[in-house]
Amino acid sequence: MADLPPPVQGPTAKEKKYDRQLRLWGPTGQRALEESHILLVNSGPGVVGIETLKNLVLPGVGYFTIQDSAVVSEADLGVNFFLEERHLGGSRAEHTCNLLKELNPDVQGDFITEPVESFLAKPDSLKPYTLVIVAAPIRPELLAKISAYASANSVQLFYIHSVGFYSHFSIHLPPSFPIVDTHPDPETTTDLRLLKPWAELIMFAEEKTKSLDTMASDDHGHVPYVCLLLHYLEVWKKDHDGQQPRTYKEKTEFRDMVKKAARTDNPEGGEENYDEAVAAVLKSLNPPEPSGAVKELFKDPECLLLKDDASSFWIIAHAVSLFYTKYGVLPLPGSVPDMKARSSDYIQLQNVYKSKARKDLAEVLDSVRFLERNINRSTPIEEKDVEAFCKNAAHIKLVRGRPFQVVQAGETLKWGDTAKSLAQNLTFQDSLIPLYIAFLAFDEFTAMHDKDALGGTPRAPGETNPEVDTEKMTGIAFKIMDDLIKEAGTFIEDPDYSEAKTWVGEYVQELVRAGGAELHNIATLTGGLVSQEVIKVMTEQYVPVDNTCIFDGVKSKTGVFRV
Amino acid sequence: MDEAPAASLPNGSDGQRTRWKYLDNILNRLGPFTDPDWEHGEAAIEGLSRAKILVIGAGGLGCEILKSLALSGFQDIHVIDMDTIDVSNLNRQFLFRQADVGKYKAEVAANFVEKRVKGAKITPYCGKIQDKDEEYYMQFAIIVCGLDSIEARRWINATLVGMVDEQNPDSMKPLIDGGTEGFKGQARVIFPTMTSCIECQLDMHAPRAAVPLCTLATIPRQPQHCIEWAHIIAWEEERKDITLDNDDPEHITWLYQKALKRAQEFNIPGVTYSMTQGVVKNIIPAIASTNAIVAASCCNEAFKLATNTNPFLGFPETDNYMMYTGDESIYTYTFQHMKKSDCPVCGDDSIARPLQIDSNFTLQEFLDSLAERPESQLKKPTIRTEEKSLYYQFPPDLRQQTQPNLSKKIYELVENGEEVAITDPAFPLQFKYKLIFKD
């Protein structure tokens, strides 16, 4: 009986349904998704928000609510997939909500048909939601109100435009939004510490390369390349005053030395483990320096001086920075890539790395417990969180969220610390900042025009008279551009300045051509982008856009920048 | 209850194009990037509603493509897919419900979209693309592919390139192809014979390297090695008479238990049921978001191509490929992939593509390597030089005759620089290579 494997727990129905996504964000990501409640504030043709929700309902977001006061019209049926003929004249919020709910019985959905003005006027109207998505057009004072709420309550806010062939979205995240599980590419992130080996690793390598020259050929061809490199580094040091190869030239010399040491008098004419060693020289023989972003993190005031209510992230970050100060390296991640080796040698090598990683983790954990006592934290941080931090320490990302631009009719926009870089990038070929400026002009135009001239529903440029609206909106866009250049304190010379103006003018013209219309393809594509970012933000995995993304469906290009 | 309109008219209950109000803004107006001579308005609308378009694949991409084409004003849409619906499709293939599991994808998808978008006619075919001949493909104006198989893409690509008749401009069918993997994907537009084709771009999609058999058999190190061992070796040894069915839970469970036991013998941690399934079925992660992005990009290009409402990807000498990455922020790279003159499909017939090989390889080893090499990816090659037949997969008597060559070294069979012709039952053409000895 003893060698019978344990009985198999096949996957549950839920695991089967979500199999293809669980392979990306795992059960913790899935749980985060299921605990979210998303509000969509919908308006205009209203497609991009619904397409976004579609991609969130399918993977199983917990709860969604659609606020939309529009009544289903003929035009909706030509662009929105989640409405049918029998819904004509009914509430768009209600019917889109119901058809979306059909996609996944595990998801709860709700709708609000009340106009956005009165909905927002109620106290605590936004309280139930963890994340809010606003689809343009919306009156600027209402957007400003939601934005202020997001700032005060650390709620994540997305603002989307989808107009004709173009789209834009901006994300307003809390000022400190850390991501531990960034899913870096495993190929580029292996950390073997070959230039800073520890006693156990040195011992292991020495043992495996003891009689390298006299080894039987089968043994020689199975020495793990990590051991080979450590061995030849020792040989190199003897001839180089105890120095490791540092420069590119030295490394290529070292690589040639390893290459020459391979045995070629065999039927294959070479050895795979030596090939692997040679291939690893340039990428593995680097001092294990943390990235600029991680060093930056350690210098952050929130990390240096832990507040009494510091979050787990900052407490662990502080503990890891103590480790870094003491040893000059980050805790060892502990994973070893696959390599030509005998099974038992490889498992031993894995264990050498794993035990060192566990030792480093224990030390960081001690510091965490000490810090917790210092700030009188009542609930201890879970060990698995500290472990995840140590494993990913080199690739941790901190996004500094901030409010995006909210245009107010007739007011000059303030760009602050992003003015310089935006103004500089304005004139780059393929820059999409001119298109962002056109979208800001779109918002200012709609803020100044409403359908009934009573301050109600905004009117999009080009709905009825494209020529007149193009002229007006171009004027607005040029002013936004000039104000930006002025605030940046730079001067853009011709022909660059005229060229940037031409681009802005063309983008305005193409936006006005749509007359506020959504094209289904662009709404779908943008809904894909936004839902992907919502998932990243909700699961706190991967790296979200910081903080503005533009899609140009004429050239089929995206651009990302910070405003 | 809502009151139903008097009649179900495709354009709107009043018979006017009120339903297409948004689309018509674009179709009726010139823009800064449209050709000044572009026939906008009536002519563009007419062209769009008449264009017959083929969608290959009704899976994650296909569902999105069908929906987006119907809502872009295409009214004569055909769709081909041979698959049936599985429960693991439901997290993204939004035209299918739990009750549809087991039914044909093409049929369910076509019915759903036809019902939802009035006026769109969608004709499904539940079968293989290889069932159809040139005459069938000739009826379409544009072909959009949402496939997960490289082999099927190469087949349709080769077929469309082969159909081009210089005397007949209608024989050139633009091919728009989308693909995704997790948070990544691509959309590309191909004008067969005029611009870079799928075969020219083959090395952009290199297959995953297979683990050597000796590693599986004697020195496993990773949990995946134990699973592959159970899959390739143990099953063959112990359950030879049962055909392995990747979708049979009993079979996967058997492999999982075998793999787990082997892993325990070698002290290798990490074998799970989910990993077993992933390795055996070669599962690629897939989510709704990426499918939406890539499919919509394909449909955006199809719409621009059919209407000239704006410049499209793929016009000769311009960008034809958009690469998308969404795991770290959002990044796209849109560029012109250059046509290759030695492309075995669309290149000059007289040029053989150079292939570096180790002349110490046996013919068998060389043929095995063709499956993995990014620039060939051929699984069942038949090979001959101008003078002699080196190895034939069929018919059986030719195979028997050429079998002894498999264990011979390459240098015993061909000269350095000699040309060989390779055919594979998966493709309707022959590949010409010039073998260059590495040593």
The lone condition A:Glu250 fails out of (1) at pLDDT 95 or above; (2) exposed (fewer than 14 other Cβ atoms within 10 Å of the Cβ) is (2)
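Take the residues of region B:313-363 that are over 30 Å from A:Gly269 (Cα atoms) and small (Gly, Ala, Ser): which is surrounded by the most Cβ atoms within 10 Å (Cβ to Cβ)? Working first, answer last.
Of region B:313-363, the ones over 30 Å from A:Gly269 (Cα atoms) are B:313-351.
Adding the requirement that they be small (Gly, Ala, Ser) leaves B:314, B:326, B:329, B:341, B:347, B:350.
Numbers: B:Gly314: 23, B:Gly326: 27, B:Ser329: 18, B:Ser341: 11, B:Gly347: 20, B:Ser350: 7.
Selected residue: B:Gly326.
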Check region A:512-530 and report whether any residue there is in a helix (DSSP H, G or I), more than 9 Å from chain B (Cβ to nearest Cβ) and farther than 24 Å from A:Glu463 by Cα. no
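Facing another protein chain (nearest Cβ under 9 Å), small (Gly, Ala, Ser), buried (at least 17 other Cβ atoms within 10 Å of the Cβ) and assigned to a loop (DSSP other than H, G, I, E, B) - does that describe any residue in region A:54-67? Break it down into steps so the answer makes sense when it comes.
Let us first name the residues in region A:54-67 that are facing another protein chain (nearest Cβ under 9 Å), namely A:54-60.
From what is left, the residues that are small (Gly, Ala, Ser) are A:60.
Those still in the list that are buried (at least 17 other Cβ atoms within 10 Å of the Cβ) too: A:60.
Retained after the next criterion (residues that are assigned to a loop (DSSP other than H, G, I, E, B)): A:60.
Yes, region A:54-67 has at least one match.
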The residue that is farthest from the other protein chains (Cβ to nearest Cβ), considering only those in region B:263-302 that are surrounded by fewer than 22 Cβ atoms within 10 Å (Cβ to Cβ) and either aromatic (Phe, Trp, Tyr) or farther than 26 Å from B:Leu90 by Cβ (or both), is B:Gly270
Is there a residue in region A:96-108 that is more than 20 Å from A:Gly527 (Cβ to Cβ) and assigned to a helix (DSSP H, G or I)? no
Name, by its number, the condition in (1) free of Cβ contacts under 8 Å to residues at least 24 places away in the same chain; (2) more than 19 Å from the chain's Cα centre (by Cα) that does not hold for B:Ile383. (1)
Confirm whether A:Gly49 is within 14 Å of chain B (Cβ to nearest Cβ), among the small types (Gly, Ala, Ser), farther than 25 Å from A:His520 by Cβ and touching a residue at least 60 places away in the same chain (Cβ under 8 Å). no
How many residues does region A:322-343 hold that are within 14 Å of chain B (Cβ to nearest Cβ) and without any contact (Cβ under 8 Å) to a residue 40 or more places away in the chain? 2
Boolean, A:Asp124 is in a strand (DSSP E or B) and either surrounded by fewer than 19 Cβ atoms within 10 Å (Cβ to Cβ) or of a type in the set (Gly, Ala, Ser) (or both): no
Any idea which of (1) within 37 Å of the chain's Cα centre (by Cα); (2) of a type outside the set (Ser, Thr, Tyr); (3) surrounded by 21 or more Cβ atoms within 10 Å (Cβ to Cβ) is the one A:Pro174 doesn't satisfy? (3)
With a cut-off of at least 1 residues that are among the basic types (Lys, Arg), name the helices (runs of 4 or more DSSP H) lying wholly within region A:250-365. A:272-284, A:292-299, A:312-327
Restricting to region B:249-262, count the residues that are under 18 Å from B:Thr218 (Cα atoms) and either of a type in the set (S, T, N, Q) or at the interface with chain A (Cβ under 7 Å from one of its Cβ atoms) (or both). 2
Does B:Leu30 satisfy being crowded, with 21+ Cβ neighbours inside 10 Å and closer than 25 Å to A:Val163 by Cβ? no
If we keep only residues of region B:235-262 that are of a type in the set (A, V, I, L, M, F, W, C) and surrounded by fewer than 18 Cβ atoms within 10 Å (Cβ to Cβ), then the residue nearest to A:Ile347 (Cα to Cα) is B:Leu244
Mind checking which residues of region B:1-35 are modelled with pLDDT of 90 or more and more than 7 Å from every other protein chain (Cβ to nearest Cβ)? B:Asp24, B:Leu27, B:Asn28, B:Leu30, B:Thr34, B:Asp35
Failed item, numbered, when A:Thr190 is tested on (1) outside any loop (DSSP other than H, G, I, E, B); (2) touching a Pro at 6+ places or on another chain (Cβ under 6 Å): (1)
List every residue pair whose Cβ atoms sit under 9 Å apart, with the two residues 6 or more apart in sequence or on different chains, where the first one lies in region B:321-334 and is at the interface with another protein chain (Cβ under 7 Å from one of its Cβ atoms) and the second, anywhere, is basic (Lys, Arg) and in a loop (DSSP other than H, G, I, E, B). B:Thr334/A:Lys555
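Residues A:Ala262, A:Ala310: which one is buried (at least 16 other Cβ atoms within 10 Å of the Cβ) and under 27 Å from the mean Cα position of the chain (by Cα)?
Numbers: A:Ala262 fails: under 27 Å from the mean Cα position of the chain (by Cα).
Result of the check over A:Ala262, A:Ala310: A:Ala310.
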Name the residue that is farthest from the other protein chains (Cβ to nearest Cβ), counting only residues in region A:344-391 that are among the small types (Gly, Ala, Ser) and in contact (Cβ under 8 Å) with a residue 24 or more places away in the chain. A:Ser367
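State yes or no: is A:Glu499 part of a loop (DSSP other than H, G, I, E, B) and away from chain B (no Cβ under 11 Å)?
No: the conditions fail for A:Glu499.
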Give me a count of the residues in region A:72-93 that are within 11 Å of another protein chain (Cβ to nearest Cβ) and over 16 Å from A:Thr524 (Cα atoms). 12
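Condition check ((1) on the phi > 0 side of the Ramachandran plot; (2) touching a helix residue (DSSP H, G or I) at 6+ places or on another chain (Cβ under 7 Å); (3) outside the structural domain of B:Ile56 (by TED's automatic domain parsing)) across all residues:
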{"site": "B:Ala152", "(1), (2), (3)": "no, yes, no"}
{"site": "B:Trp155", "(1), (2), (3)": "no, yes, no"}
{"site": "B:Asp170", "(1), (2), (3)": "no, no, no"}
{"site": "B:Asp177", "(1), (2), (3)": "no, yes, no"}
{"site": "B:Ile198", "(1), (2), (3)": "no, yes, no"}
{"site": "B:Arg208", "(1), (2), (3)": "no, no, yes"}
{"site": "B:Ile227", "(1), (2), (3)": "no, yes, yes"}
{"site": "B:Ala230", "(1), (2), (3)": "no, yes, yes"}
What about B:Leu66, is it assigned to a strand (DSSP E or B), closer than 25 Å to A:Gly527 by Cα, under 17 Å from the mean Cα position of the chain (by Cα) and of a type in the set (A, V, I, L, M, F, W, C)? no
Would you mind telling me which numbered condition in (1) free of Cβ contacts under 8 Å to residues at least 40 places away in the same chain; (2) within 14 Å of chain A (Cβ to nearest Cβ); (3) farther than 20 Å from B:Ala296 by Cα B:Glu46 fails? (2)
A careful count of residues in region A:149-187 that are assigned to a loop (DSSP other than H, G, I, E, B) and of a type in the set (Val, Ile, Thr) gives 3
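Look through A:Ala394, A:Ala362, A:Ala341 and report the one residue that is over 21 Å from A:Ile179 (Cα atoms) and in contact with a helix residue (DSSP H, G or I) (Cβ under 9 Å, 6 or more places away or on another chain). It would help to see each step written out before you state the result.
Values: A:Ala394 fails: over 21 Å from A:Ile179 (Cα atoms); A:Ala362 fails: in contact with a helix residue (DSSP H, G or I) (Cβ under 9 Å, 6 or more places away or on another chain).
None of the others qualify; the one that does is A:Ala341.
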Under 6 Å by Cβ, and 6 or more places apart or on different chains, what pairs join a residue from region A:536-563 that is more than 7 Å from chain B (Cβ to nearest Cβ) and in contact (Cβ under 8 Å) with a residue 40 or more places away in the chain with one that is of a type in the set (Gly, Ala, Ser) and not in a strand (DSSP E or B)? A:Met538/A:Ala32; A:Met538/A:Ser36; A:Thr539/A:Gly29; A:Thr539/A:Ala32; A:Gln541/A:Gly29
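The values are calculated or read from the model by the stated rules, or taken from the named source; none is laboratory data. Treat the numbers as computed from the prediction; the structure is a model and nothing was measured. Backbone-built Cβ (ideal geometry, glycine too); neighbour counts: all protein chains shown.
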